[in-house]
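Undergrad: Please find one structure pasted underneath; my questions will follow.
The values are calculated or read from the model by the stated rules, or taken from the named source; none is laboratory data. Since the structure is predicted, the reported quantities are computational estimates derived from the model, not experimental observations. Quick reminder, even Gly has a Cβ in these numbers, built from the backbone with ideal geometry, and neighbours come from all protein chains shown. Accessible surface areas use protein heavy atoms only, side chains included; no ligands, DNA or RNA. Shrake-Rupley method; radii C 1.70, N 1.55, O 1.52, S 1.80 Å.
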Amino acid sequence: MPHFETLDDLEANGKAAGKRVLVRLDLNLPLQEGQVTDLTRLERSLPTLRELVAKKAKVIVMAHLGRPKGKDSAYTLAPIAEALRRAMVPTPVFFCKESQGPQVKEAIEHLGEGEVLLLENIRFVKGEEENDPAFAREMATWADVYVNDAFSAAHRAHVSTEGVAHLLPSFAGRLMEQELRTLERVLEYPEAPMMAIVGGAKVSTKLPLLKNLLPKVDVLVIGGAMANTFLAAKGHDIGASLYEPDFLETSLELMKGEKILLPVDVVVAESLEDLKNHQNRDLSAIGQAEKIFDIGPATIAHILQTMKRCHTLLWNGPLGVFEVPPFDYGTNAVAQGVARLTAEGTLLSIAGGGDTVAALNHAGVLNDFSYVSTAGGAFLEWLEGKPLPGVEALERTA
Ligand code: 3PG
């Protein structure tokens, strides 16, 4: 377990009450016409905020939205501030329209105990993403202690996620703590047998993840378009399906350990618009003009049967084109199977990654897994075994 201090240590040291606590959150929420459409990340950040408010800290929140190139009002955190205000009632939540300079200083000076101040998009500051030491020094003057609760931004070595952690006493927030403990439990001390499900479009982008996971799991289910490359490597005729010819050799190499479970049947159509003519096909019967868009019923049954023997499941990436029904059927059926085994208490189920969360939400089981990480890129990098700068910075100062 990486060693880092938490809010318990902050309290034990009597550090919170009356102190300025600078908190990095991931409030990178989806917006449509200025309205937040999914509050999950904000809701997961509330335990840390509420705890600090209850301890009478002066809470200064930093967060980013999107990837603005400099100051751009399209990426303002104003709508997020509104959502945060509603979620934190009756706690006063103020919004500072700057994320650097004298206005920030002044707003912090006026902040009372048990109050929250959200700064404007921290990526509006040029030095943020460059991890500029001068901006880190300025940021460190704003507070007495720093709390990082943004696991999902921890793969970024930016000032607000990494640089400032070296300049202030630093602590992990409750969400960061929960993500790290859960992921470590799954990757380092899983209860065997362990199954991983990896889907998505390309072997090339998931290669580091596959290589890191294979030695740790008993069964690795591969789905999505990336399974096509494995099927082609085994000599199956996959018709007009997408695949990566440059990765046939690599796929054969990965299959040597005999842990990989591939589709044994598939759902095909000539195009995603040609929904009426979708067909279940054995691997030997795919037509030249047909493309694979989902796993078939025999594959679903095989995965679920194998899963019954497993005690740990890690899922990243959908098994088919879940955004376009009926090609969501395979992902839905397997996800619902995971939810059943989790409810029966035989399976610890962990999922994460942008598309995965959307796919599980679509299958109606997002809350039925043991744990679903809110992280996208950071979750993938963790699964690849890469060090996360935001986590490492907490460890060093612990
Ligand atoms: C995310 O949405 O995964 C995090 O907020 C990180 O965002 P980024 O990829 O723009 O750094």
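Undergrad: How big is D for the chain, in µm² s⁻¹ as a whole number, if Stokes-Einstein is applied with the Kirkwood radius of its Cα pairs at 4 °C and 1.567 mPa s?
TA: This corresponds to a translational diffusion coefficient of 58 µm²/s.
Undergrad: Taking the chain as a Gaussian network, Cα atoms linked when under 10 Å apart, which of GLY320, GLY352, GLY14 shows the biggest mean-square fluctuation?
TA: Highest fluctuation of the listed residues: GLY14.
Undergrad: Can you give the local net charge around ASN131? Use residues other than it whose beta-carbon is closer than 14 angstrom to its beta-carbon, Lys and Arg +1, Asp and Glu -1. Can you show the working numbers first?
TA: Details: positive: ARG24, ARG123, LYS126, ARG137, ARG156; negative: GLU128, GLU129, GLU130, ASP132, GLU138, GLU162, GLU392.
The answer is -2.
Undergrad: Something else: When ligands, DNA and RNA are left out and all protein chains stay put, how many square angstrom of accessible area per residue does segment 1-128 have with a 1.4 Å probe? Can you show the working numbers first?
TA: Numbers: 6030 Å² over 128 residues.
So segment 1-128 comes to 47 Å² accessible per residue, rounded to a whole number.
Undergrad: Ok, one more. Among DSSP bridges having both ends in the chain, what percentage is antiparallel? Round to the nearest 5.
TA: Working: 10 of 47 bridges.
Just about 20 percent of them are antiparallel.
Undergrad: Using mean Cβ contacts within 10 Å as the protection proxy, how do 190-197, 206-213, 289-296, 35-42 order, highest first? Spell out each step's value before the answer.
TA: Values: 190-197: 19.6, 206-213: 18.1, 289-296: 24.1, 35-42: 15.8.
Sorting 190-197, 206-213, 289-296, 35-42 by mean packing, highest first, produces 289-296, 190-197, 206-213, 35-42.
Undergrad: Sum up the lysine pairs in segment 7-173 that clear both bars: alpha-carbon distance under 29 Å and a spacing of 8 or more or different chains.
TA: Summing the qualifying lysine pairs gives 28.
Undergrad: In the chain, what percent of the accessible surface is made up of carbon and sulfur (1.4 Å probe, ligands and nucleic acids excluded)? Intermediate values should be presented prior to the final figure.
TA: Numbers: 8360 of 16760 Å².
Answer for the chain is 50 percent, counting heavy atoms of protein chains only.
Undergrad: In nm, what is the difference between 0.36 nm times the number of residues separating GLN279 and LEU304 and their Cα-Cα distance?
TA: Full extension from GLN279 to LEU304 adds 6.8 nm.
Undergrad: What net charge do the residues around ASN332 carry, taking every other residue with its C-beta under 13 Å from that of ASN332, with Lys and Arg at +1 and Asp and Glu at -1?
TA: Details: positive: ARG340; negative: ASP294, GLU323, ASP328, ASP368.
That works out to -3.
Undergrad: Remind me, relative contact order of the chain in percent, using alpha carbon pairs under 8 angstrom and six or more residues apart? Intermediate values should be presented prior to the final figure.
TA: On the way: 816 pairs, mean separation 65.2, N = 398.
Computed value for the chain: 16 percent relative contact order.
Undergrad: Moving to a separate point now. So, in Å, what gap is there between the alpha-carbon centers of segment 247-301 and segment 70-115?
TA: If you average the Cα positions of each part, the centres end up 50 Å apart.
Undergrad: Under a 10 Å cutoff between Cα atoms, tell me which one of LEU27, LEU388, LEU275 has the largest fluctuation in the Gaussian network model of the chain.
TA: Highest fluctuation of the listed residues: LEU275.
Undergrad: Show me the GluC sites (Glu not before Pro) within segment 54-133 that DSSP assigns to loop and that have at most 16 other Cβ atoms within 10 Å of their Cβ. Walk me through the numbers before you get to the answer.
TA: Working: sites: GLU82, GLU98, GLU106, GLU109, GLU113, GLU115, GLU120, GLU128, GLU129, GLU130; in loops: GLU98, GLU113, GLU115, GLU120, GLU130.
Counting only loop positions with at most 16 other Cβ atoms within 10 Å, the GluC sites (Glu not before Pro) in segment 54-133 are GLU98, GLU113, GLU130.
Undergrad: When only alpha-carbon atoms count, how far does segment 190-383 stretch along each of its three principal axes, as whole angstroms with the largest first?
TA: Over segment 190-383, Cα extents along the principal axes are 43, 35, 30 Å.
Undergrad: Fully extended, how many nm does the chain gain between GLU113 and LYS71 (0.36 nm per residue separation, minus their Cα-Cα distance)? Before the final figure, lay out each step's value.
TA: Working: separation 42, 0.36 × 42 = 15.12 nm, distance 3.02 nm.
Length gained, GLU113 through LYS71: 12.1 nm.
Undergrad: Go through segment 1-50 and name the GluC sites (Glu not before Pro) that are in a DSSP coil and have 12 or fewer other Cβ atoms within 10 Å of their Cβ.
TA: GLU33
Undergrad: Something else now. Based on the Kirkwood radius over alpha-carbon pairs, what value in µm²/s does the Stokes-Einstein equation return for the translational diffusion coefficient of segment 7-173 at 37 °C and 0.692 mPa s?
TA: Details: Rh = 15.6 Å.
Here the translational diffusion coefficient equals 210 µm²/s.
Undergrad: Among ASP144, ASP274, ASP237, which one shows the highest mean-square fluctuation when the chain is modelled as a Gaussian network with alpha-carbon springs under 10 Å?
TA: Of the options given, ASP274 has the highest mean-square fluctuation.
Undergrad: Right, next: Taking 0.36 nm per residue of separation and subtracting the Cα-Cα distance, what length does fully extending GLU188 through GLN35 add? List each step's numbers first, then the result.
TA: Values: separation 153, 0.36 × 153 = 55.08 nm, distance 3.96 nm.
Extra length from GLU188 to GLN35 when fully extended: 51.1 nm.
Undergrad: Sort out for me the Cα centre separation of segment 133-161 from segment 1-67, rounded to whole Å.
TA: Cα centroid of segment 133-161 versus Cα centroid of segment 1-67: 12 Å apart.
Undergrad: Something else: Heavy-atom accessible area per residue, segment 184-326, 1.4 Å probe: how many Å²? Let's see the in-between values first.
TA: Working: 6550 Å² over 143 residues.
Per-residue accessible area for segment 184-326 comes out at 46 Å².
Undergrad: Size of the dipole of the chain about the Cα centre, Lys and Arg at +1 and Asp and Glu at -1 on the beta carbon, nothing else charged, in debye to 20? Numbers along the way, then the final one.
TA: Details: 39 positive and 53 negative charges, 117 e Å.
In debye, rounded to 20, the chain gives about 560.
Undergrad: Go ahead and estimate [θ] at 222 nm for the chain from helices alone: -39,500 (n - 2.57) per DSSP H run with n ≥ 4, summed, over the residue count, rounded to 500.
TA: The helix contribution divided over the chain gives -11000 deg cm²/dmol.
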